[in-house]
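Novice: Got a structure for you, questions after.
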Amino acid sequence: MVALRLASALVLGAIFGFGLAISGMLDPTRVRGFLDIAGNWDPSLGFVLGGAVMVAILGRLVQLRLSHPLFADRFQLPEKTEIDGRLIGGAAIFGIGWGMAGLCPGPAVADLMLGAPVVLVFVPAMLIGMALHDLLVAKPAAGSAAESSC
């Protein structure tokens, strides 16, 4: 079961990375162009985001019909649903970083294969930030689903 779970994660991660590469999400300049609505705006990534929303909706509809995932006993969904200061602050920090660097964690990890200098700075900084968060912010009780990912 563990081998199947790891193999499926590898295959799906490769498909995700391939999709990021084809869509242009690995190009920080293109991402910043999409986020620059007051300047030389590049709307092409809006189609990528729209497609991602459609795939997410389809995935959610499939998930609602299943009792559990194929390779796990239960779905790991967030239990916390309220919007609070931590969520807003974290989203703001993420958005500012995404706008400045033109990268978020998924594309940055996929971009490591290209060896771009900006990624070789971004990924270690991201990992240091994640480690500092774990050291400075109290962890939720064991077994809680309060953790999330990008």
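The values are calculated or read from the model by the stated rules, or taken from the named source; none is laboratory data. As the structure is a computational prediction, the values presented were derived from the model and not from experiment. Positions of Cβ are backbone-derived with ideal geometry, glycine not excepted, and every protein chain shown enters the neighbour counts.
Novice: Please work out if Pro107 is modelled with pLDDT under 90, assigned to a helix (DSSP H, G or I) and under 17 Å from the mean Cα position of the chain (by Cα).
Specialist: When the stated conditions are applied, Pro107 passes them.
Novice: Right, next: Just to check your reading of the model, which residue among Arg74, Arg65, Arg60, Arg86 is among the basic types (Lys, Arg) and closer than 28 Å to Gly129 by Cα?
Specialist: Arg86
Novice: Let me ask another. Could you count how many residues in region 110-138 are closer than 29 Å to Leu12 by Cβ and either hydroxyl-bearing (Ser, Thr, Tyr) or outside any helix (DSSP H, G or I) (or both)?
Specialist: Number of matching residues: 2.
Novice: Scan region 1-27 for residues that are part of a loop (DSSP other than H, G, I, E, B) and either polar (S, T, N, Q) or surrounded by 11 or more Cβ atoms within 10 Å (Cβ to Cβ) (or both) and report the count.
Specialist: So the answer is 4.
Novice: Would you mind finding the one in Arg30, Arg86 that is in contact with a helix residue (DSSP H, G or I) (Cβ under 9 Å, 6 or more places away or on another chain) and part of a helix (DSSP H, G or I)?
Specialist: From the options Arg30, Arg86, the qualifying one is Arg30.
Novice: Somewhere in region 57-75, is a residue under 23 Å from Phe122 (Cβ atoms), assigned to a helix (DSSP H, G or I), of a type outside the set (Lys, Arg) and free of Cβ contacts under 8 Å to residues at least 12 places away in the same chain?
Specialist: Looking for residues that are under 23 Å from Phe122 (Cβ atoms), assigned to a helix (DSSP H, G or I), of a type outside the set (Lys, Arg) and free of Cβ contacts under 8 Å to residues at least 12 places away in the same chain, one finds none in region 57-75, hence no.
Novice: Anything in region 79-99 that is surrounded by 10 or more Cβ atoms within 10 Å (Cβ to Cβ) and not aliphatic (A, V, I, L, M)? List them, or say none.
Specialist: Result: Lys80, Arg86, Gly89, Gly90, Phe94, Gly95, Gly97, Trp98, Gly99.
Novice: List pairs: first in region 35-56 and in contact (Cβ under 8 Å) with a residue 24 or more places away in the chain, second of a type in the set (S, T, N, Q), Cβ under 7 Å, 6+ apart or cross-chain?
Specialist: Going by the 7 Å Cβ cut-off, the qualifying pairs are Val48/Ser23.
Novice: Assuming Leu26 fulfils every condition listed in (1) in contact with a Phe, Trp or Tyr (Cβ under 6 Å, 6 or more places away or on another chain); (2) within 21 Å of Met126 (Cβ to Cβ) apart from one, which condition is it?
Specialist: It is condition (1) that Leu26 fails.
Novice: Another question about this same structure. Go through region 51-67 and give me each residue that's surrounded by fewer than 10 Cβ atoms within 10 Å (Cβ to Cβ) and of a type outside the set (A, V, I, L, M).
Specialist: If the condition is that a residue be surrounded by fewer than 10 Cβ atoms within 10 Å (Cβ to Cβ) and of a type outside the set (A, V, I, L, M), then Arg60, Arg65, Ser67 are the ones that fit.
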